[in-house]
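The values are calculated or read from the model by the stated rules, or taken from the named source; none is laboratory data. Since this is a predicted model, take the numbers as computed values, not measurements. Here the Cβ is made from the backbone with ideal geometry for all residues, glycine too, and neighbour counts use every protein chain on show. Please note that ligands, DNA and RNA were not included when accessible areas were found on the heavy atoms of the full protein model with its side chains. Shrake-Rupley method; radii C 1.70, N 1.55, O 1.52, S 1.80 Å.
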Amino acid sequence: SGVSGWGALAVGGMVAFFSWFESAGQYNAAVTLSNCVGKNASMGLVAGMMCIVAQIVGAALAVAFTGLFQDGSASVPDGSLASGLSDALLTIVLLYTFAKNNNGLDLGLAYFSGLSAFPSALGANASAAVGVVVGNLLLGNGLAIGMDLVWAAGAPLAAGAAFPFLADLLTKIP
């Protein structure tokens, strides 16, 4: 099922609000990776990897903090080809919006509409998926690395890496 309805609106609102603080949309590892590759790369690979590490640390700390107060853990949702494709399509919608305009309201609306069209439990965010695994490790719940993590993190990252080349190819079609 994943995020939809009010949850999608909440995520979109959060992205729109925090984008006003000039983060350049660096909440999602796929956006960051997309900004590091291709002929129009706007940031270096080292800076991009530092952003992704910070995103993972933030997600892990959120999981650990929540787990301390709720005596539990989070989990990476069940992954499949369908969820991977949904996350990849959501990522492409976000990256296309980001490439055209990184205005906070536009990014928030893209997240809201993307999550409404392509429900995703973690918002097609590889940093959140890896952060869940690391956060659970911090809570003492073990290290759960499996195909669910591969789908949840791999599909958005693959879309993020491919997007600059796909976008360049699409501009050449008459």
Residue 139 being open to solvent by 30 Å² or more (accessible area, probe 1.4 Å), more than 29 Å from residue 40 (Cα to Cα) and at pLDDT 80 or above: yes
How many residues are within 16 Å of residue 116 (Cα to Cα) and either open to solvent by 20 Å² or more (accessible area, probe 1.4 Å) or of a type in the set (D, E, K, R) (or both) if we restrict to the stretch 89-98? 4
Taking interchain pairs and intrachain pairs at least six residues apart, which have beta carbon atoms under 7 angstrom, with the first residue in the stretch 156-174 and in contact (Cβ under 8 Å) with a residue 24 or more places away in the chain and the second open to solvent by 100 Å² or more (accessible area, probe 1.4 Å)? 164/40; 168/39
Does any residue of the stretch 162-173 turn out to be under 16 Å from the mean Cα position of the chain (by Cα) and either modelled with pLDDT of 85 or more or open to solvent by less than 30 Å² (accessible area, probe 1.4 Å) (or both)? yes
Modelled with pLDDT of 80 or more, surrounded by 14 or more Cβ atoms within 10 Å (Cβ to Cβ) and not hydrophobic (A, V, I, L, M, F, W, C) - does that describe any residue in the stretch 66-79? no
Between a residue in the stretch 134-150 that is touching a residue at least 24 places away in the same chain (Cβ under 8 Å) and of a type in the set (Asp, Glu) and any residue that is open to solvent by 30 Å² or more (accessible area, probe 1.4 Å) and in a loop (DSSP other than H, G, I, E, B), which pairs come within a Cβ distance under 7 Å, given they are 6 or more apart or on different chains? 148/77; 148/78
Considering residues of the stretch 37-86 that are of a type in the set (S, T, N, Q), more than 19 Å from the chain's Cα centre (by Cα) and assigned to a helix (DSSP H, G or I) only, the residue farthest from residue 115 (Cα to Cα): 70
May I ask you to list the residues in the stretch 127-174 that are acidic (Asp, Glu) and more than 19 Å from residue 99 (Cβ to Cβ)? 148
